[in-house]
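J.: Supplied in structure tokens, the structure appears directly below.
The values are calculated or read from the model by the stated rules, or taken from the named source; none is laboratory data. Keep in mind it's a predicted model, so treat the numbers as computed, not measured. Note: ideal-geometry Cβ built from the backbone for every residue, glycine included; neighbour counts use all protein chains shown.
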Amino acid sequence: MSQGLDDIIAAETRLSSVDGAHGILVVKGFSLDQIAGQKSFEDVAWLLFGGLFDDLPDARTFAAQLGHARSEVFDLVRYIDDGILALPPMDGVRAIMARIADGEDLATATRLLAAPAGLLPAFLRLRDGQPPLAPDPRRGHAADMLHMLNGQVAGPETVGALDTYLVTVADHGLNASTFAARVVASTWSGLTSSVLAGLAALKGPLHGGAPGPIIAMLDGIATPDNAEAWIEAALARGDRLMGFGHRIYKVRDPRADALKAAVRRMAKGSNLLPGRLKLAEAVEQAALEILHRHKPDRPLDVNVEFYTALLLEALGFPPDAFTAVFATGRTAGWLAHAREQRLTGRLIRPQSSYVGPEPAVAA
Ligand code: ACO
């Protein structure tokens, strides 16, 4: 029995590889630094979809189809009622995405890929009492999402930061949500069902739900001098420090540096609070020292979520929406893995070890 399935290989994939010992992420033959800030999200999604759909067009046509799909899914905004608006954004987006008919074809996949970008900004605006803004298929995915959120044409640094983020989180081996998506795909349930499973698994704070609470941590710490005392008190309560530790990485998560660089590049003209980056760096340093002292045998380093929090805050997303922005990128990976599982895998059906009572033997 392997609690948490550590070291179990449950799929063969051509999509991405995570080398946890050396901090290297490879997506479809490209290292992270060859795609983050270098390729658009549309291009990376197209790369991931390559070989998985017979009718996948060239990258440019695919990007245009994705733009049209944003407009198509925007039609679902009319189903966002008060009940849905009362949910956290991740749950609200998931509830609306559940209206997308299940299927295995490229059109379904493109619709699902477009959905978080087309729906999340509308959800957030409606929650703030503002009218939702329709997508413009001619814009890039990141630029359009920011326009739908803020109602302004975003500058190139800001668009570049969101694009870098979406690319950075697009795929990452057999993480918990991707595994969930593959399990569902293995029953031939369909792509919508797989993506919904991915959304459900991503939401938890041990996976994609960490960045919102990181803002609460930074706000709670407030000044660099406070970092040590705040962190010691949190650990003394038995809390985990959000944004630190990883099942696979035993060194620094390479995505953290890609995102930190993106935050630096867009600092001017964004919503980045004065002193925020300095505070984050002080918290990171204090956390690494304290975690090392508390758990000398465990290599606990910074993970993707820490600088995700800063980046998404600077882009104007509220903290409770961070995980849904994560999902906007990761949907590309879920869809590709679900297709790969459907095409090359078998029903995933492990076994459990029964430790409950045995039936009473009749006297
Ligand atoms: N803060 C404090 N203690 C920690 C942390 C942390 N961030 N991470 C691990 N530990 C401790 C655990 O309490 C546990 O201690 P114990 O053995 O005394 O019970 C021990 O280290 C377990 O460590 P691992 O086996 O390495 O942890 P695991 O692989 O199960 O968990 C995880 C990895 C879930 C990411 C964990 O490090 C964590 O909870 N981090 C905080 C949440 C977070 O940042 N999540 C985002 C992850 S990135 C992503 O999924 C996109």
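J.: Counting only residues that are surrounded by fewer than 24 Cβ atoms within 10 Å (Cβ to Cβ), within 13 Å of the ligand (Cβ to nearest atom) and farther than 26 Å from Lys28 by Cβ, which one in region 299-336 is nearest to the chain's Cα centre (by Cα)?
T.: That would be Leu300.
J.: Related question: Pairs needed: first member in region 211-239, more than 27 Å from Met90 (Cα to Cα); second member anywhere, of a type in the set (Lys, Arg); C-beta distance under 9 Å; at least 6 residues apart or different chains.
T.: If the second residue must be of a type in the set (Lys, Arg), the pairs left are Pro224/Lys278.
J.: Further, regarding this structure: Only one of Pro135, Pro116, Pro131, Pro121 is over 21 Å from the mean Cα position of the chain (by Cα), crowded, with 19+ Cβ neighbours inside 10 Å and at pLDDT 95 or above. Can you tell me which?
T.: The match here is Pro135.
J.: Out of Gly103, Gly92, Gly160, which single residue is closer than 29 Å to Gly50 by Cβ, surrounded by 18 or more Cβ atoms within 10 Å (Cβ to Cβ) and either of a type outside the set (A, V, I, L, M, F, W, C) or at pLDDT below 95 (or both)?
T.: From the options Gly103, Gly92, Gly160, the qualifying one is Gly160.
J.: Moving to a separate point now. Count, please, the residues in region 25-60 that happen to be of a type in the set (Val, Ile, Thr) and either without any contact (Cβ under 8 Å) to a residue 60 or more places away in the chain or within 16 Å of the ligand (Cβ to nearest atom) (or both).
T.: 2
J.: Which of (1) farther than 23 Å from Val325 by Cα; (2) surrounded by fewer than 16 Cβ atoms within 10 Å (Cβ to Cβ) does Ile231 not meet, given it meets every other one?
T.: All conditions pass for Ile231, except number (2).
J.: Restricting to region 166-222, count the residues that are more than 10 Å from the ligand (Cβ to nearest atom) and not in a helix (DSSP H, G or I).
T.: 10
J.: OK, next. As an exercise: evaluate Ile100 against (1) of a type outside the set (Ser, Thr, Tyr); (2) touching a residue at least 60 places away in the same chain (Cβ under 8 Å); (3) out of contact with any Lys or Arg (no Cβ under 6 Å at 6 or more places or on another chain); (4) farther than 20 Å from Glu340 by Cβ and give the number of the one condition it does not meet.
T.: (3)
J.: Follow-up. Taking region 223-277 as the search range and keeping residues that are of a type in the set (Ser, Thr, Tyr) and over 15 Å from Tyr165 (Cβ atoms), which one is farthest from the ligand (Cβ to nearest atom)?
T.: Once the filter is applied, the top-ranked residue is Thr223.
J.: Let me ask something else about it. Inspect region 19-29 for any residue being closer than 24 Å to Gly212 by Cβ, in a helix (DSSP H, G or I), at pLDDT 95 or above and not charged (D, E, K, R) and give the result as yes or no.
T.: No, that holds for no residue.
J.: Need pairs with beta-carbon distance below 7 Å; first residue more than 27 Å from Phe326 (Cα to Cα) and within region 279-305, second part of a loop (DSSP other than H, G, I, E, B) and within 11 Å of the ligand (Cβ to nearest atom); sequence gap 6+ or separate chains.
T.: Close Cβ pairs (under 7 Å, with a partner that is part of a loop (DSSP other than H, G, I, E, B) and within 11 Å of the ligand (Cβ to nearest atom)) do not exist here.
J.: Kindly list the number of the only condition in (1) at positive phi; (2) free of Cβ contacts under 8 Å to residues at least 24 places away in the same chain; (3) of a type outside the set (A, V, I, L, M) that fails for Pro274.
T.: (1)
J.: Is it the case that Ala338 is in contact with a Leu (Cβ under 8 Å, 6 or more places away or on another chain), within 29 Å of Ile8 (Cα to Cα), modelled with pLDDT of 95 or more and assigned to a helix (DSSP H, G or I)?
T.: yes
J.: Sticking with this one: Given (1) within 13 Å of the ligand (Cβ to nearest atom); (2) within 22 Å of the chain's Cα centre (by Cα), where does Ile290 come up short, assuming only one miss?
T.: (2)
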